[in-house]
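Undergrad: After the structure tokens below, expect a handful of questions from me.
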Amino acid sequence: MIEVPKAAIELAKRFEGFERRVKRGIEITAVPYICPAGFWTIGYGHLCDPKHPPIREAEAEVYLARDLETALAATLRYCPVLATEPEGRLAAIVDFTFNLGAGRLQTSTLRRRVNQRDWLAAGQELRRWVNGGGKILPGLVARREAEITFLTAGAVTGI
């Protein structure tokens, strides 16, 4: 069985962050917040109810692990070629799927380009997914560029 690539965990943590911190006694906790795309979120980008109780970072990591396993399963279902590609390519698309959801991957031209192993075109497709709440979000631009770095590593030389 294929495990969630470490690079996917690192990408998700880097771009989601555990930013919403509130001191409760000596604990640092995350509370629900509305992400730039307008969804209630907690911890490392876990979708939640607005009344979700605060969580510690360890709990956020458990949520993240489960969410990434779900994203990995969907990624391999829609892009089976990634099972035999370098781990970085899988990490890039798992992060995309975690960030935007399996439905977006399923219906995207990105999926087609990945399954064709056209890594440069897939990278260009990733650049199209930078909007949230009807506007271009700098955080999504940076995230897509990071994913592209993993996705296209070696694409020019055919590695």
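Undergrad: So which helices (runs of 4 or more DSSP H) are wholly in segment 41-159 and hold at least 3 residues that are over 21 Å from Arg14 (Cα atoms) and among the aliphatic types (A, V, I, L, M)? Don't jump to the end; show me each part of the working.
TA: Values: elements: 57-78, 87-100, 102-106, 109-115, 119-126, 138-152.
So the answer is 57-78, 119-126.
Undergrad: Any residue in segment 54-77 that is farther than 21 Å from Pro5 by Cβ, touching a residue at least 24 places away in the same chain (Cβ under 8 Å), among the β-branched types (Val, Ile, Thr) and touching a strand residue (DSSP E or B) at 6+ places or on another chain (Cβ under 6 Å)?
TA: Yes, some residue in segment 54-77 is farther than 21 Å from Pro5 by Cβ, touching a residue at least 24 places away in the same chain (Cβ under 8 Å), among the β-branched types (Val, Ile, Thr) and touching a strand residue (DSSP E or B) at 6+ places or on another chain (Cβ under 6 Å).
Undergrad: Is at least one residue of segment 120-130 without any contact (Cβ under 8 Å) to a residue 24 or more places away in the chain and touching a strand residue (DSSP E or B) at 6+ places or on another chain (Cβ under 8 Å)? Before the answer, list the steps.
TA: If we filter segment 120-130 for residues that are without any contact (Cβ under 8 Å) to a residue 24 or more places away in the chain, which is where we start, we get 121, 124-125, 127-128, 130.
Within this subset, residues satisfying the condition of being touching a strand residue (DSSP E or B) at 6+ places or on another chain (Cβ under 8 Å) are 130.
Scanning segment 120-130, I find at least one residue that is without any contact (Cβ under 8 Å) to a residue 24 or more places away in the chain and touching a strand residue (DSSP E or B) at 6+ places or on another chain (Cβ under 8 Å), so the answer is yes.
Undergrad: Then there is this: Go through (1) under 24 Å from Leu110 (Cα atoms); (2) surrounded by 13 or more Cβ atoms within 10 Å (Cβ to Cβ) and name the single condition Gly38 misses.
TA: The failed condition is (2).
Undergrad: When only residues in segment 99-136 that are aliphatic (A, V, I, L, M) and under 15 Å from the mean Cα position of the chain (by Cα) count, which is farthest from Leu82 (Cα to Cα)? Walk me through how you get there before you give the answer.
TA: Filtering segment 99-136 down to residues aliphatic (A, V, I, L, M) leaves 100, 102, 105, 110, 114, 120-122, 126, 130, 136.
This time we only want the ones that are under 15 Å from the mean Cα position of the chain (by Cα), so: 100, 102, 105, 110, 126, 130.
Working: Leu100: 18, Ala102: 15, Leu105: 13, Leu110: 13, Leu126: 16, Val130: 23 Å.
Only one residue tops the list, namely Val130.
Where a number appears in this text, it was derived from the coordinates with a stated rule and is not lab data. Since this is a predicted model, take the numbers as computed values, not measurements. Glycine gets a Cβ as well: all are built from the backbone with ideal geometry, and neighbour counts include every protein chain shown.
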